[in-house]
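Have a look at the structure below before the remarks.
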Amino acid sequence: MPSATWPMVAHPIELDGPPSSAKDRTGLILEDGPLRVTAIEVDHAPISPVYAYRFDYKGRSVVITGDLKYHPPLVKGAAGVDVLVSEAIAKSMTRSLEQGARAVGREQTATIMHDIEDYHITPEEAAQIANEAQVTLLVFYHLLPSPDAFLTRRLFTNGVGEVRRGDWTMADDGSLYTLPIGSKAVRIERMSDRPG
């Protein structure tokens, strides 16, 4: 996005404790009345530092991961949240893309498809973290590769139902998740369905 359109200022994030190979630190980075935002260190090597963010507001909570590998310490940071929004990669699909690219001599594309598997979480792994954290709803977003049809969506999430003990869904552009205050409900809507 052009900087003139959305000027941003970077601020250092302070996490509790010294850095460690476990990447299990957290830190409160914003407290504004009832709103608390916590940074949760995650593993997306070779990129570092990388954070998921937890938002707590009047008894409701959401964690948004950003990119990460399977990272069991996330369970602690996401414990008991209403919604875990996790990126995901379908390795069976990226492996097929890698093989297809190699078959037609697209070595650079094949290498990318191979390499990205090392630093993204699978839907089944995200489901396991959601289970252990006792998350109410798991939402998949930032999907690699993007499953844009019914069949590819089914292939993408193949196996999640065997792992996940709770609710889960896939986000689409325009998905809206509402957490009413004083309730345990999570409403799923489309931005286009809202008036105005």
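No value in this document is a laboratory result; all are computed from the given coordinates. Worth saying up front: this structure is predicted, and the values here are computed from it rather than measured. Cβ atoms come from the backbone with ideal geometry, glycine included; neighbour counts cover every protein chain shown.
Just a few scattered comments:
- With neighbour counts taken as other beta-carbon atoms within 10 Å, the residues 148, 43 rank, fewest first, as 148, 43.
- Label zone at residue 183 (point 7 Å along Cα-to-Cβ), backbone N below 18 Å, the range 69-91: 82-84
- For the chain, the 222 nm mean residue ellipticity estimated from helices alone, with every DSSP H stretch of n ≥ 4 adding -39500 (n - 2.57) and the total spread over all residues, rounds to -6500 deg cm²/dmol.
- Between 133, 45, 171, the Gaussian network model of the chain with springs among Cα atoms under 10 angstrom shows the greatest mean-square fluctuation at 45.
- Computed lengthening from residue 158 to residue 47, 0.36 nm per intervening residue step minus Cα-Cα distance: 37.1 nm
- For the range 121-196, the relative contact order works out to 31 percent when only alpha carbon pairs closer than 8 Å and six or more residues apart are counted.
- Taking a straight line from the alpha carbon of residue 23, these lysines sit under 18 Å away, with near neighbours fewer than eight places off in the same chain left out: 69, 76.
- Under DSSP loop assignment and at most 13 Cβ neighbours within 10 Å, longest trypsin sites (Lys or Arg not before Pro)-free interval of the chain: 59-164
- Subtracting the Cα-Cα distance of residue 4 and residue 109 from 0.36 nm times their residue separation leaves 34.5 nm of extension gain.
- Entry for mean projected area of the Cα convex hull in nm² (calculated from the structure that is shown) out of (i) 9.6; (ii) 17.5; (iii) 14.0: (iii)
- Two-site FRET efficiency, residue 21 against residue 150, from Cβ-Cβ distance with R₀ of 45 Å, rounded to 0.05: 0.60
- Computed extension length for residue 191-residue 142: 15.9 nm, one decimal, from 0.36 nm per residue of separation with the Cα-Cα distance subtracted.
- When you restrict to C-alpha pairs under 8 Å that are six or more residues apart and normalise by the size of the chain, the relative contact order lands at 16 percent.
- Contact order for the range 1-106, expressed relative to its length and based on alpha carbon pairs under 8 Å spaced 6+ residues apart, stands at 16 percent.
- R0 of 41 Å, Cβ-Cβ distance residue 37-residue 92: FRET efficiency to nearest 0.05: 0.70
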